[in-house]
Structure formats: structure tokens, C-alpha cells
Amino acid sequence: MSQLDMNQLLTRLLDKVAHLGAEADIIANQDKAFSLKADKGELSEYKVTSSQQIGLRLIKEGRVGIAYSESLDEPALDAMVQDALDASRFAKVDADQRISVTGSHITTDCAEISQPDTTAVEEKIALALRLESDMLALPAVTGAPYNGFFEGESRLWLANSQGSLCQHQEFSVGCHSSALIERDGRQSMHYQGQYGRRFDELESQALIRQIHAITDGLLAGEAVPSGRYSVLFSTHCLASLFGCFQSALSGKWAQQGINPWRGKLGQSVASRWLTLESRVHMPGGMKIKAFDGEGAATSDLLLIGEGELKTLLHNSATARHFGVASNGAAARSARSALDVSPRHLVFGLGPHSESEVQGGDYLELVKLDGLHSGADAVSGDFSFGASGFLCRDGERVAPVRGITVAGNFYRLLGELEAVGNVLHHDDGKGFYAPLIRFGGLSIAGK
């Protein structure tokens with residue numbers, strides 16, 4: 001559907017809502033995806049898909065109804081409006097939710113995230129096949145069960161009853177591979193992906209080397225003696241760990257009374273070495289977007305400054321509830337209710353060199369298992385299976401497997417031993433942090 005046609009469709013829908021004496025915001029998505037998978041030297045998947053969704057958040061007499069449709073024909077859209085109206089009739093009055101963003105006409109103006117793709121399909125197929133064959137050619141690799149290439153193009157429109165109409169478009173690519181190594185009756189396996197905006201950004205050989213190094217390195221791993229250890233998480237593992245407890249930054253969780261930091265604004269929640277921002281733009285980042293889930297402009301936010309909680313993430317409803325300003329962190333998809341979410345999470349650089357962070361003995365964890373089942377976001381307690389390496393002065397001394405790492409996330413943030421001065425990103429390029437060394441984590445081993 002053309003931009004003009006979509007604009008006209010959104011206008012018609014908002015007119016229907018107005019005739020019902022209600023107000024609304026509408027999110028519409030159009031997505032295209034292409035994926036390839038390789039297995040045993042041949043393509044096992046060649047898939048081209050497209051989808052569209054349109055979702056309505058309707059508010060009438062203080063009650064909210066959510067409905068969506070995957071069809072854009074008139075009967076389906078009429079049914080969606082009616083479903084949202086019916087849902088609102090059975091909802092509780094929510095005085096905090098209103099259509100608050102007025103006259104917003106923001107288009108994400110960032111050529112970096114929507115570059116034309118001129119790569120021939122044959123090159124993409126060759127990459128998918130090469131991921132498998134090059135992995136299998138490495139020493140001791142007996143299997144590479146997951147290999148593939150994927151790309152996606154997404155367009156999004158947001159319109160509301162207050163005259164807002166915002167648009168966003170992006171294109172992304174990625175690849176992934178895996179390695180299974182078997183030797184002397186032992187097995188080790190690792191899977192990893194890589195993301196970018198252009199095909200030529202993908203560094204498949206570097207990805208293959210990283211996967212093989214971890215798989216081979218962990219093969220002979222043994223449990224370490226139980227005790228307390230200084231720990232460095234890989235950036236990807238730190239992102240996964242933080243994701244389990246990110247709700248501590250949520251104004252919505254605070255509104256619901258279940259956020260452990262809901263009464264801690266202006267108070268210390270972490271080491272003075274810890275600073276955390278939500279940044280709209282990071283070079284090469286995968287979460288660049290100029291407006292939030294309500295159409296408000298996104299902006300850089302200082303969440304934690306030198307250990308002090310500066311703000312929570314707010315949409316217009318949570319901001320109204322607490323009597324503060326919304327900060328452009330609203331999140332909503334075509335199918336979901338109003339929530340909050342950061343853009344790129346970026347930890348500030350610390351005062352230590354990487355050699356200082358890696359000085360002495362510590363445990364480097366590169367794999368965590370059972371994250372969400374082993375984490376309590378309210379209490380902060382966690383217990384995960386883990387694998388990694390015992391290290392000394394930046395060198396891996398011995399591989400470690402079969403251990404459990406346990407602690408309390410909120411206490412952990414206050415137990416920083418060192419913070420590095422070089423920024424790294426996770427595989428998804430949405431999380432950025434220097435090396436951070438945590439003290440006194442409990443490890444259950446042998």
C-alpha cells in the first residue's frame with residue numbers, strides 16, 4: 001500500500017472512531033522478510049514472507065479497548081473498530097490513559113537504517129552455504145546444525161485523533177551459525193548471530209571464528225569449586241542478564257506497584273561507577289527510531305547517573321499517574337497495550353583500563369542458561385546455569401562448565417569492582433557496555 005493510501009485509510013478509521021464519540025491511536029505495520037537456511041551443503045529453506053497488521057487503541061469514557069486486524073479491507077476494519085469498542089465497555093475506567101500527543105508529524109530521518117539493497121540473491125545463498133561449509137572445515141567440528149541468512153524490511157505508521165501522523169521505515173540483515181564439537185566422548189555446542197543494515201557489513205568469518213573458539217574452548221570444561229568469585233560477563237550475557245530485570249526502569253511497573261525502584265528516584269541504586277542512558281542513536285545501532293509508541297519524539301535519557309536513579313521510562317499514562325513529564329519511552333505494537341521501552345541501553349565508561357578490569361583472577365561467563373525461569377524481577381534474585389573460563393590477568397586459564405551462578409541483581413549493581421573505558425555492543429546492537437567486573441558472586445560447582 002502506498003503512503004497516500006495508508007494515510008487515507010488511517011484518516012477513515014479515525015473518522016469512524018470519532019463518530020462513536022471516542023478517540024484513538026492507530027499503529028499500522030507492513031513487513032517483508034527473506035530467509036535462507038543451509039543444511040548438509042544444500043538450502044533447506046528459501047522463504048519470502050510479507051505481512052501487515054493494523055492495531056487500534058480506542059478510548060471512550062475513560063475505558064480502553066484494544067483490537068487489531070491483519071486485513072485492510074473495509075469489513076475487517078469495521079469489525080476491528082467494533083471489537084475495540086466492545087472491549088472498552090468491559091474495561092475498568094483508566095483515567096491516566098488518554099490520547100495525549102497532539103499534531104505530531106515525525107518521520108525517522110536516518111538514511112543509515114533504510115539503505116537500498118543491491119546484493120544479488122546468489123550472493124546471499126552463497127553466504128548461507130558458506131557458513132555451514134566453512135564451519136565444518138574447522139578442526140573437530142562434527143556438526144553445524146543451524147546456519148542461515150535473513151533480512152527484513154519494515155514500514156510503520158502511527159496516527160491519532162489529535163492530528164498526529166508519524167512514519168518509520170527500516171531495513172536490516174543478519175546471519176547466524178553454530179558449531180558442534182565432539183571429542184573424547186565429550187560434546188560442546190554454541191550458536192551465535194550477527195546483525196547489520198547492509199549485506200557487506202556482515203563479517204561471516206569473524207562470526208565463525210568466535211563460535212568455534214567458544215565451542216572448542218568449553219569442550220573440556222569442568223565445574224569449579226563452589227564459592228564466591230569475581231565475575232566478568234560477556235557483553236551478550238550481560239545484556240541477557242539485564243534484560244531479566246529491565247522492568248526496574250519501567251514507569252508502568254511502578255504504576256502497578258511492583259517495581260522495586262518505584263520509590264528510589266534521586267537515591268543511590270548502584271555503584272557510583274555505574275551510569276546508564278537510553279540513547280536514540282548509536283552508530284550502527286538497531287533501535288534507531290525518532291518517535292515512540294504514542295508518536296512523541298524520542299530523546300536521550302539519563303536513567304542512572306553515577307549510581308543514582310534519575311528517571312523511570314514513562315509513557316503519557318504513567319507520567320500522568322506520577323505527575324511527571326512523559327519522556328518519549330512509550331511502547332506499543334499493533335497487537336499490544338500501552339507499555340514503555342528504552343531505545344539503545346548504553347552504560348557509561350568507567351575509570352579503569354581493560355587490563356585493570358581483567359587484572360588478577362576472575363571468572364568470565366560466556367553462556368547463561370535458563371535465564372527467565374531463574375530470575376525474579378521483583379526481588380532481584382537469580383540462579384542460572386553458566387559456562388565460561390577461569391581467567392588470570394586477561395588470559396583464559398581453564399574452561400568451566402556445569403556451574404550455577406546465583407545472586408541478587410539489585411545488590412550486584414552495587415558490587416562493582418571495576419568498570420572499563422572501552423565500549424562494546426551485544427550481538428543485537430541494542431545494548432552497549434564496557435567491561436564490568438562484579439565482586440562476590442556465588443558459584444555452585446563441585
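The values are calculated or read from the model by the stated rules, or taken from the named source; none is laboratory data. None of these values were measured; they are calculated from a predicted model. Cβ placement follows ideal geometry from the backbone for every residue including glycine, while neighbour counts extend to all protein chains displayed. The protein model used for the area step is the full one, side chains on, heavy atoms only, and it has no ligands, DNA or RNA in it. Shrake-Rupley method; radii C 1.70, N 1.55, O 1.52, S 1.80 Å.
Of the residues making up region 302-326, those that are within 30 Å of W157 (Cβ to Cβ) and open to solvent by less than 20 Å² (accessible area, probe 1.4 Å) are L303, L312, L313, H314, N315, S316, A317, T318, A319.
S172 satisfies every condition listed in (1) free of Cβ contacts under 8 Å to residues at least 24 places away in the same chain; (2) touching a helix residue (DSSP H, G or I) at 6+ places or on another chain (Cβ under 9 Å) except (1). If you go through region 294-314 and pick out every residue that is in contact with a Gly (Cβ under 9 Å, 6 or more places away or on another chain) and assigned to a loop (DSSP other than H, G, I, E, B), you end up with 10. Scanning region 1-43 for residues that are touching a strand residue (DSSP E or B) at 6+ places or on another chain (Cβ under 8 Å), open to solvent by 50 Å² or more (accessible area, probe 1.4 Å) and of a type in the set (S, T, N, Q) yields Q3, T11.
Within region 376-397, the set of residues being open to solvent by less than 30 Å² (accessible area, probe 1.4 Å) and within 25 Å of the chain's Cα centre (by Cα) comprises A377, G380, F382, F384, G385, A386, S387, G388.
In region 413-446, which residues are of a type in the set (S, T, N, Q) and under 19 Å from L368 (Cβ atoms)?
The answer is S442, and nothing else.
Okay, residues lined up against (1) open to solvent by less than 40 Å² (accessible area, probe 1.4 Å); (2) of a type in the set (S, T, Y); (3) within 23 Å of G350 (Cα to Cα):
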site	(1), (2), (3)
Q255	no, no, no
N259	yes, no, no
Q267	no, no, yes
W273	no, no, yes
L276	yes, no, yes
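Hey, does region 397-405 have a residue that's in contact with a strand residue (DSSP E or B) (Cβ under 9 Å, 6 or more places away or on another chain) and without any contact (Cβ under 8 Å) to a residue 60 or more places away in the chain? Scanning region 397-405, I find at least one residue that is in contact with a strand residue (DSSP E or B) (Cβ under 9 Å, 6 or more places away or on another chain) and without any contact (Cβ under 8 Å) to a residue 60 or more places away in the chain, so the answer is yes. Scanning region 112-122 for residues that are assigned to a helix (DSSP H, G or I) and surrounded by 12 or more Cβ atoms within 10 Å (Cβ to Cβ) gives E112, I113.
Among the candidates V422, V357, V346, the residue that is at pLDDT 95 or above and surrounded by fewer than 18 Cβ atoms within 10 Å (Cβ to Cβ) is uniquely V422.
In region 398-446, of all residues being more than 23 Å from the chain's Cα centre (by Cα) and assigned to a loop (DSSP other than H, G, I, E, B), the one that is nearest to M286 (Cα to Cα) corresponds to N421.
Apart from one condition, D109 fits all of (1) touching a residue at least 40 places away in the same chain (Cβ under 8 Å); (2) assigned to a helix (DSSP H, G or I); the exception is (2). Evaluating D109 against the criteria (1) among the charged types (D, E, K, R); (2) over 25 Å from the mean Cα position of the chain (by Cα); (3) open to solvent by 50 Å² or more (accessible area, probe 1.4 Å); (4) more than 25 Å from S35 (Cα to Cα) leaves one unmet condition, (2). As for region 86-101, it holds no residue that is under 20 Å from L165 (Cα atoms) and assigned to a strand (DSSP E or B).
Give me the strands (runs of 3 or more DSSP E) completely within region 127-193, filtered to those with at least 1 residues that are at pLDDT 95 or above, of a type outside the set (D, E, K, R) and crowded, with 21+ Cβ neighbours inside 10 Å, ordered by residue number. It would help to see each step written out before you state the result.
Numbers: elements: 141-143, 148-160, 165-183.
Where strands (runs of 3 or more DSSP E) fall fully within region 127-193 and carry at least 1 residues being at pLDDT 95 or above, of a type outside the set (D, E, K, R) and crowded, with 21+ Cβ neighbours inside 10 Å, they are 148-160, 165-183.
Number of residues in region 66-85 that are touching a residue at least 24 places away in the same chain (Cβ under 8 Å) and outside any helix (DSSP H, G or I): the value is 3. Restricting attention to region 44-99 and to residues that are among the acidic types (D, E), touching a strand residue (DSSP E or B) at 6+ places or on another chain (Cβ under 6 Å) and open to solvent by 60 Å² or more (accessible area, probe 1.4 Å), the residue that is nearest to A159 (Cα to Cα) turns out to be E70.
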